[in-house]
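Notes follow the structure.
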Ligand code: DHB
């Protein structure tokens with residue numbers, strides 16, 4: 001927020017006027033001027049401390065919403081910023097904006113509320129939004145449409161997050177906080193969207209969708225990305241899964257209504273059929289050509305590649321992150337002698353057996369894990385259209401289709417959901433923090449590894465780690481997350 005309010009309001013008015021030219025503004029359109037919002041004063045206890053803040057909830061962030069429940073944002077502002085105060089070294093002019101989406105399972109996600117984070121069992125501990133407010137961040141939690149609604153198919157969720165970013169940027173001058181310092185956060189499908197939001201900043205590819213919604217006239221680039229266990233690179237995730245789990249026939253699977261990491265999961269054991277084993281055997285060899293096509297390099301400039309059997313430097317790159325995580329445990333005095341897949345000598349991790357690790361972690365999905373041949377995966381529904389609920393999105397699963405009359409999503413829509421096309425091409429943030437636990441089987445560990453390697457190769461600063469034994473979840477290391485946020489916030493835009 002800048003101090004001089006009047007020219008600022010004028011800017012918003014002009015901006016809204018401009019977008020009106022593009023989309024023929026009607027008087028029934030939603031007003032995108034934040035200064036007209038009336039907040040309510042609130043307090044909450046965060047780790048024993050009283051935090052005063054103002055809540056502005058359910059603000060529709062586009063002029064022409066198709067779904068006002070999800071195309072809305074909750075904004076929370078520390079009270080101190082209305083009185084010239086500072087918190088944690090931040091002021092009304094400089095406070096970064098924490099931007100946590102609530103999407104799980106590619107389902108619709110409502111804007112979040114502090115103290116109501118919908119993940120995991122209630123621990124009684126402060127959630128990310130509460131910690132953010134107590135540490136002087138503005139919290140802006142966007143809602144986004146999702147796969148179960150006919151208007152929420154890909155790319156709706158990413159378009160919505162971009163529109164919410166544009167709202168914040170268009171209102172920078174009339175709202176406390178610095179919209180040049182938006183830090184995105186999300187888990188699983190929400191982690192994928194967080195990555196994609198950073199990767200595709202200001203890309204023209206999303207412009208037609210944003211224009212038809214009457215998004216605010218502003219950029220949608222962001223400052224930094226935090227992502228937990230991103231379920232992304234969907235069109236190559238089936239091959240990646242079989243690269244990791246081929247040869248493992250027993251599994252523990254669940255219904256797609258339980259994909260959402262916030263929902264309690266009931267896992268049902270099973271064994272792959274002969275037909276599924278064949279699919280796994282056919283998918284696994286598709287992964288090395290994909291990895292090799294990316295031309296990635298390690299920190300020393302050596303190629304990250306795989307041979308036709310799926311071995312090579314990229315596999316060692318993934319293993320190195322698992323081994324680093326194990327070493328951290330050993331250094332903290334933990335006994336890992338029960339992990340037979342790990343080679344330990346004199347307190348040092350000296351090697352690992354990737355297949356034995358995968359077997360111990362356990363297969364959770366049947367092949368193809370994401371583009372199911374019978375259209376039964378959540379991602380099939382994500383790639384539906386307004387009139388077709390579920391579609392294939394890979395050539396492989398369309399060829400092996402078993403569902404009646406199944407169609408395939410168009411390639412452009414599939415591209416709009418994959419950050420790998422945009423990293424290094426669009427306006428990317430410098431700072432990234434990516435986490436995926438060693439006990440996570442929702443997608444291959446290769447997926448987050450590919451995103452990290454691609455970011456590193458395009459000169460970005462990536463804090464990438466695989467927390468030990470951490471299952472498919474997020475926001476479990478708030479002290480570390482907020483230490484990283486504070487450190488990157490001190491950097492220039
Ligand atoms: C999520 C989990 C999955 O296994 C998946 O395929 C998609 C999304 C999730 O928790 O968001």
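The values are calculated or read from the model by the stated rules, or taken from the named source; none is laboratory data. Since the structure is predicted, the reported quantities are computational estimates derived from the model, not experimental observations. No Cβ is skipped: glycine too gets one built from the backbone with ideal geometry, and neighbour counts run over all protein chains shown.
Determine whether residue 207 is in contact with a helix residue (DSSP H, G or I) (Cβ under 6 Å, 6 or more places away or on another chain) and assigned by TED's automatic domain parsing to the domain that holds residue 163.
On the way: in contact with a helix residue (DSSP H, G or I) (Cβ under 6 Å, 6 or more places away or on another chain): no; assigned by TED's automatic domain parsing to the domain that holds residue 163: yes.
Taking the combined requirement at face value, the residue does not satisfy it.
Looking at region 187-211, I want the residues that are in contact (Cβ under 8 Å) with a residue 24 or more places away in the chain and have a partner that is within 12 Å of the ligand (Cβ to nearest atom) and assigned to a helix (DSSP H, G or I) with Cβ atoms under 6 Å, at least 6 apart or on another chain. Which pairs are those?
193/157
Checking residue 117 against (1) within 15 Å of the ligand (Cβ to nearest atom); (2) crowded, with 24+ Cβ neighbours inside 10 Å, which single condition isn't satisfied?
(2)
For region 72-94, state whether one or more residues are assigned by TED's automatic domain parsing to the domain that holds residue 226, in a loop (DSSP other than H, G, I, E, B) and within 23 Å of the chain's Cα centre (by Cα).
Taking region 72-94 and keeping what is assigned by TED's automatic domain parsing to the domain that holds residue 226, we get 72-94.
From what's left, in a loop (DSSP other than H, G, I, E, B): 83-86, 88-89, 91-94.
Next cut, within 23 Å of the chain's Cα centre (by Cα) only: none.
No, there is no match, as no residue in region 72-94 is assigned by TED's automatic domain parsing to the domain that holds residue 226, in a loop (DSSP other than H, G, I, E, B) and within 23 Å of the chain's Cα centre (by Cα).
At pLDDT below 95 and either outside the structural domain of residue 108 (by TED's automatic domain parsing) or within 31 Å of the chain's Cα centre (by Cα) (or both): does that describe residue 12? Write out each step before concluding.
On the way: at pLDDT below 95: yes; either outside the structural domain of residue 108 (by TED's automatic domain parsing) or within 31 Å of the chain's Cα centre (by Cα) (or both): yes.
So residue 12 passes the test.
Quick test for you: out of 103, 60, 131, 66, pick the one residue that is under 27 Å from residue 442 (Cβ atoms), touching a residue at least 24 places away in the same chain (Cβ under 8 Å) and either surrounded by fewer than 19 Cβ atoms within 10 Å (Cβ to Cβ) or over 17 Å from the mean Cα position of the chain (by Cα) (or both).
Details: 103 fails: either surrounded by fewer than 19 Cβ atoms within 10 Å (Cβ to Cβ) or over 17 Å from the mean Cα position of the chain (by Cα) (or both); 60 fails: under 27 Å from residue 442 (Cβ atoms); 66 fails: under 27 Å from residue 442 (Cβ atoms).
When all the criteria are applied, what remains is 131.
Consider residue 376 carefully, then state whether it is surrounded by 22 or more Cβ atoms within 10 Å (Cβ to Cβ) and within 16 Å of the ligand (Cβ to nearest atom). It would help to see each step written out before you state the result.
Numbers: surrounded by 22 or more Cβ atoms within 10 Å (Cβ to Cβ): no; within 16 Å of the ligand (Cβ to nearest atom): yes.
Judged against the criteria, residue 376 is not a match.
Can you spot a residue in region 339-355 that is within 16 Å of the ligand (Cβ to nearest atom), buried (at least 16 other Cβ atoms within 10 Å of the Cβ) and assigned to a helix (DSSP H, G or I)? Working first, answer last.
First pass over region 339-355, keeping only residues within 16 Å of the ligand (Cβ to nearest atom): none.
No, that holds for no residue.
Quickly run through region 177-197 and pick out the residues that are within 18 Å of residue 112 (Cα to Cα) and more than 16 Å from the ligand (Cβ to nearest atom).
Scanning region 177-197 gives 182, 183.
Any idea which residue in region 385-430 is farthest from residue 452 (Cα to Cα), counting only those that are within 15 Å of the ligand (Cβ to nearest atom) and part of a loop (DSSP other than H, G, I, E, B)?
390
So which residues in region 268-294 are under 24 Å from the mean Cα position of the chain (by Cα) and in contact (Cβ under 8 Å) with a residue 60 or more places away in the chain, if there are any at all?
Listed by number, the residues that qualify are 287, 291, 294.
List pairs: first in region 320-346 and at positive phi and not assigned by TED's automatic domain parsing to the domain that holds residue 360, second outside any loop (DSSP other than H, G, I, E, B) and surrounded by 17 or more Cβ atoms within 10 Å (Cβ to Cβ), Cβ under 9 Å, 6+ apart or cross-chain?
Pairs that qualify, where the first residue is at positive phi and not assigned by TED's automatic domain parsing to the domain that holds residue 360 and the partner is outside any loop (DSSP other than H, G, I, E, B) and surrounded by 17 or more Cβ atoms within 10 Å (Cβ to Cβ): there are none.
Filter region 478-493 down to the residues that are modelled with pLDDT of 95 or more and not in a helix (DSSP H, G or I) and list them by number.
To start, the set of residues in region 478-493 that are modelled with pLDDT of 95 or more comprises 478-490.
Residue satisfying the conditions is 490 alone.
Between a residue in region 25-43 that is within 12 Å of residue 171 (Cα to Cα) and any residue that is exposed (fewer than 15 other Cβ atoms within 10 Å of the Cβ), which pairs come within a Cβ distance under 9 Å, given they are 6 or more apart or on different chains?
33/13; 35/5
Answer yes if at least one residue in region 162-177 is surrounded by fewer than 24 Cβ atoms within 10 Å (Cβ to Cβ) and assigned to a loop (DSSP other than H, G, I, E, B), and no otherwise.
There is at least one residue in region 162-177 that is surrounded by fewer than 24 Cβ atoms within 10 Å (Cβ to Cβ) and assigned to a loop (DSSP other than H, G, I, E, B).
Here is a list of conditions, (1) buried (at least 24 other Cβ atoms within 10 Å of the Cβ); (2) closer than 27 Å to residue 31 by Cβ, and residue 189 meets all of them except one; can you say which number that is?
Result: residue 189 fails condition (2) only.
Search region 366-393 for residues that are outside the structural domain of residue 103 (by TED's automatic domain parsing) and pair each with any residue that is within 14 Å of the ligand (Cβ to nearest atom) and at pLDDT below 95 when their beta-carbon atoms are under 6 Å apart and the residues are at least 6 apart or on different chains.
If the second residue must be within 14 Å of the ligand (Cβ to nearest atom) and at pLDDT below 95, the pairs left are 378/256; 378/259.
Can you give me the number of residues within region 95-109 that are within 16 Å of the ligand (Cβ to nearest atom), in contact with a strand residue (DSSP E or B) (Cβ under 8 Å, 6 or more places away or on another chain) and assigned to a loop (DSSP other than H, G, I, E, B)?
Filtering region 95-109 for residues within 16 Å of the ligand (Cβ to nearest atom) gives 100-109.
Restricting the remaining residues to those that are in contact with a strand residue (DSSP E or B) (Cβ under 8 Å, 6 or more places away or on another chain) gives 100-104, 108-109.
Filter once more, so that each one left must be assigned to a loop (DSSP other than H, G, I, E, B): 101-104, 108.
Adding up the residues that qualify gives 5.
What is the number of the single condition among (1) away from the ligand (no atom under 16 Å from the Cβ); (2) touching a residue at least 60 places away in the same chain (Cβ under 8 Å); (3) touching a strand residue (DSSP E or B) at 6+ places or on another chain (Cβ under 7 Å) that residue 151 does not meet?
(3)
For the subset of region 243-296 comprising residues that are within 19 Å of residue 188 (Cα to Cα) and part of a helix (DSSP H, G or I), which member is farthest from the ligand (Cβ to nearest atom)?
That would be 244.
Filter region 465-477 down to residues that are buried (at least 18 other Cβ atoms within 10 Å of the Cβ), away from the ligand (no atom under 16 Å from the Cβ) and either within 19 Å of the chain's Cα centre (by Cα) or assigned to a helix (DSSP H, G or I) (or both), then give me how many there are.
The total comes to 3.
Let me spell it out: the conditions are (1) outside any loop (DSSP other than H, G, I, E, B); (2) surrounded by fewer than 24 Cβ atoms within 10 Å (Cβ to Cβ); (3) within 15 Å of the chain's Cα centre (by Cα), and residue 201 meets all of them except one. Which number is the exception?
Status for residue 201: all satisfied but (1).
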